[in-house]
2 protein chains.
Amino acid sequence: AIFAAIQTALKPKTQPLKGRHVLITAGPTFEPLDPVRGITNRSSGKQGYAIAAAAAQAGAQVTLVSGPVSLTTPDGVTRIDVETAQQMFEAVHAHLPADVFIGVAAVGDWRAKTIARDKQKKGEGDELSVTLVKNPDILASVGKHETLRPRLVIGFAAETRNVEVYGQTKLRTKGADAIMANDVSKDVFDADTTNMILIDASGPTSGRHMTKTEAAADLIHYIAAKLT
Amino acid sequence: AIFAAIQTALKPKTQPLKGRHVLITAGPTFEPLDPVRGITNRSSGKQGYAIAAAAAQAGAQVTLVSGPVSLTTPDGVTRIDVETAQQMFEAVHAHLPADVFIGVAAVGDWRAKTIARDKQKKGEGDELSVTLVKNPDILASVGKHETLRPRLVIGFAAETRNVEVYGQTKLRTKGADAIMANDVSKDVFDADTTNMILIDASGPTSGRHMTKTEAAADLIHYIAAKLT
């Protein structure tokens, strides 16, 4: 309570996102293979949660659709927990309209074609083949929404090479206004720092190594400037 | 520090595992598919960490080989972090000899035959086939070790049906002295309670719903009795 009071006292007097609804996805998705196993990815959720916290501090009404993570919900943020990409897709669409959509979650591109009802045994044979099918594309479904497209749609790209090229491509194909591209070939996962480049219609900003909190603050400044 | 002092004061006067080395695995494994994605399972690590804490409180020297979890290392426990089943296998064998081995980790049975060097793109085609190959069997490799088999080898079985039958089978095929079998068809994952049955040569004990801390204490009592 004391800590919260201090936070309130330190809260910036200007709330550039006051009255705005910001919808954010964060964390990994988990695509079950059977009742025990599944496909996931290395996202810790830290970047998305930092952005949600920064947006709430800037006065926004924040809805955070979160995959399975071990993080505390930031103050003033409404959190919706989901597991699979399909559930995340549905939760995002259920919480439109929004002024801003920021897709930070590392959404699994693929899910198992069939989910085994019981845990699969190590049986005979030394190999097992799993068939995967594509998940819905959440960012594109929001970026190209015919009636409820937010004024600003921002995606994330985690790449291991050609970060700028893939970021540019994603901007076009997803109907996004900006892409935060980061190079995950360095140690970014579960870390508190990141290598971030923001790419929009005017080109890429030069990337720099910064904390995820700094990246969140930069993005909120960018959004506030775009909305005015 | 005050809390630690209280814990010390409350520590049971009898330390039935004093002088024993207890080697424990806990948590999930993560088997990479590419630099971003991988196959994992729903283990939170809570049960293994509770057993490590109980063993340390009972006076044992505890080595905890842990997959990726978001848990604090219990007091007095030496923790070795690993990611894949192969790494866990190697860490376990590097820390033998031990008086007791308790395999609580949910070890991935399968890993990708080839790990893609770069993140795989959603390309053409709506399906993707992944070939998996078997991981080494850590429990059996310890239970059937020719020279360094611990006096007590205890495994875990997380099953969705026929818990007792699979538990009995595992006891035989892995060279284990006891199997803690739990029924994960109920809500056990990431929960603080569990449905546990201990199965050894004298048969199954009747299962009951208990906290993971209670299950850990029960297991330590069982081990202390077996070692005297």
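The values are calculated or read from the model by the stated rules, or taken from the named source; none is laboratory data. Everything numeric in this text was worked out from a predicted model, so none of it was measured. Methodologically, a virtual Cβ is constructed for each residue, glycine included, from the backbone with ideal geometry; neighbour enumeration extends over all protein chains shown.
Can you tell me which residue in segment A:124-137 is nearest to the other protein chains (Cβ to nearest Cβ), limited to those that are assigned to a loop (DSSP other than H, G, I, E, B) and over 18 Å from A:Asp109 (Cα atoms)?
Let us first name the residues in segment A:124-137 that are assigned to a loop (DSSP other than H, G, I, E, B), namely A:124-126, A:135-137.
Filter again for over 18 Å from A:Asp109 (Cα atoms), leaving A:124-126.
Details: A:Glu124: 11, A:Gly125: 9, A:Asp126: 5 Å.
Checked segment A:124-137; the qualifying residue nearest to the other protein chains (Cβ to nearest Cβ) is A:Asp126.
Which of the residues spanning segment B:67-91 are more than 24 Å from B:His221 (Cβ to Cβ) and either among the small types (Gly, Ala, Ser) or assigned to a loop (DSSP other than H, G, I, E, B) (or both)?
Within segment B:67-91, B:Gly67, B:Pro68, B:Val69, B:Ser70, B:Thr72, B:Val82, B:Glu83, B:Thr84, B:Ala85, B:Ala91 meet the criteria.
Looking only at segment A:27-66, filter to residues that are part of a loop (DSSP other than H, G, I, E, B) and in contact with a helix residue (DSSP H, G or I) (Cβ under 7 Å, 6 or more places away or on another chain); which one of those is farthest from the other protein chains (Cβ to nearest Cβ)?
Of all residues in segment A:27-66, those part of a loop (DSSP other than H, G, I, E, B) come to A:27, A:29-30, A:33-36, A:42-45, A:58-60.
This time we only want the ones that are in contact with a helix residue (DSSP H, G or I) (Cβ under 7 Å, 6 or more places away or on another chain), so: A:27, A:29, A:58.
Working: A:Gly27: 12, A:Thr29: 10, A:Ala58: 28 Å.
By that ranking, first place goes to A:Ala58.
The rows are residues; the columns are (1) closer than 28 Å to A:Lys226 by Cβ; (2) among the hydrophobic types (A, V, I, L, M, F, W, C).
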position: A:Ala53; (1), (2): yes, yes
position: A:Thr73; (1), (2): yes, no
position: A:Asp81; (1), (2): no, no
position: A:His93; (1), (2): yes, no
position: A:Ala116; (1), (2): no, yes
position: A:Gly125; (1), (2): no, no
position: A:Leu128; (1), (2): no, yes
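For segment B:19-33, does any single residue satisfy the condition of being surrounded by fewer than 21 Cβ atoms within 10 Å (Cβ to Cβ) and over 23 Å from B:Pro136 (Cβ atoms)?
Step one: list which residues in segment B:19-33 are surrounded by fewer than 21 Cβ atoms within 10 Å (Cβ to Cβ), which gives B:19, B:21, B:32.
Then keep just the ones that are over 23 Å from B:Pro136 (Cβ atoms); that gives B:19.
The answer is yes, given that some residue of segment B:19-33 is surrounded by fewer than 21 Cβ atoms within 10 Å (Cβ to Cβ) and over 23 Å from B:Pro136 (Cβ atoms).
Looking only at residues in segment B:138-161 that are buried (at least 17 other Cβ atoms within 10 Å of the Cβ) and within 8 Å of another protein chain (Cβ to nearest Cβ), which one is modelled with the lowest pLDDT?
Here the answer is B:Thr160.
Residue check, A:Lys119 against (1) part of a loop (DSSP other than H, G, I, E, B); (2) modelled with pLDDT of 95 or more; (3) charged (D, E, K, R), all met but one. Which one?
The number of the failed condition is (2).
Out of segment B:93-117, which residues are in contact with a His (Cβ under 7 Å, 6 or more places away or on another chain) and surrounded by 22 or more Cβ atoms within 10 Å (Cβ to Cβ)?
B:Ala98
Any idea how many residues of segment B:167-176 are within 14 Å of another protein chain (Cβ to nearest Cβ) and either over 23 Å from A:Asp34 (Cβ atoms) or under 17 Å from the mean Cα position of the chain (by Cα) (or both)? Walk me through how you get there before you give the answer.
Residues of segment B:167-176 within 14 Å of another protein chain (Cβ to nearest Cβ): B:167, B:169-170, B:173-174.
Within this subset, residues satisfying the condition of being either over 23 Å from A:Asp34 (Cβ atoms) or under 17 Å from the mean Cα position of the chain (by Cα) (or both) are B:167, B:170, B:174.
Residues flagged as within 14 Å of another protein chain (Cβ to nearest Cβ) and either over 23 Å from A:Asp34 (Cβ atoms) or under 17 Å from the mean Cα position of the chain (by Cα) (or both) within segment B:167-176 amount to 3.
Mind checking which residues of segment A:155-184 are among the aliphatic types (A, V, I, L, M) and not in a helix (DSSP H, G or I)? Walk me through it before giving the result.
Looking only at segment A:155-184, we keep the residues that are among the aliphatic types (A, V, I, L, M), and these are A:157-158, A:163, A:165, A:171, A:176, A:178-181, A:184.
Within segment A:155-184, A:Ala157, A:Ala158, A:Ala176, A:Ala178, A:Ile179, A:Met180, A:Ala181, A:Val184 meet the criteria.
Please go through segment A:67-80 and give me each residue that is within 16 Å of A:Gly108 (Cα to Cα), touching a helix residue (DSSP H, G or I) at 6+ places or on another chain (Cβ under 9 Å) and surrounded by fewer than 24 Cβ atoms within 10 Å (Cβ to Cβ), ordered by number.
Taking segment A:67-80 as the starting set, the residues that turn out to be within 16 Å of A:Gly108 (Cα to Cα) are A:67-69.
Right, trim to touching a helix residue (DSSP H, G or I) at 6+ places or on another chain (Cβ under 9 Å) and you get A:67, A:69.
Across segment A:67-80, the qualifying residue is only A:Val69.
Just to be sure, is A:Asn195 within 14 Å of chain B (Cβ to nearest Cβ), outside any helix (DSSP H, G or I), of a type outside the set (Lys, Arg) and farther than 30 Å from B:Val133 by Cβ? I'd like the intermediate steps shown before the answer.
Numbers: within 14 Å of chain B (Cβ to nearest Cβ): no; outside any helix (DSSP H, G or I): yes; of a type outside the set (Lys, Arg): yes; farther than 30 Å from B:Val133 by Cβ: yes.
Answer is no for this residue.
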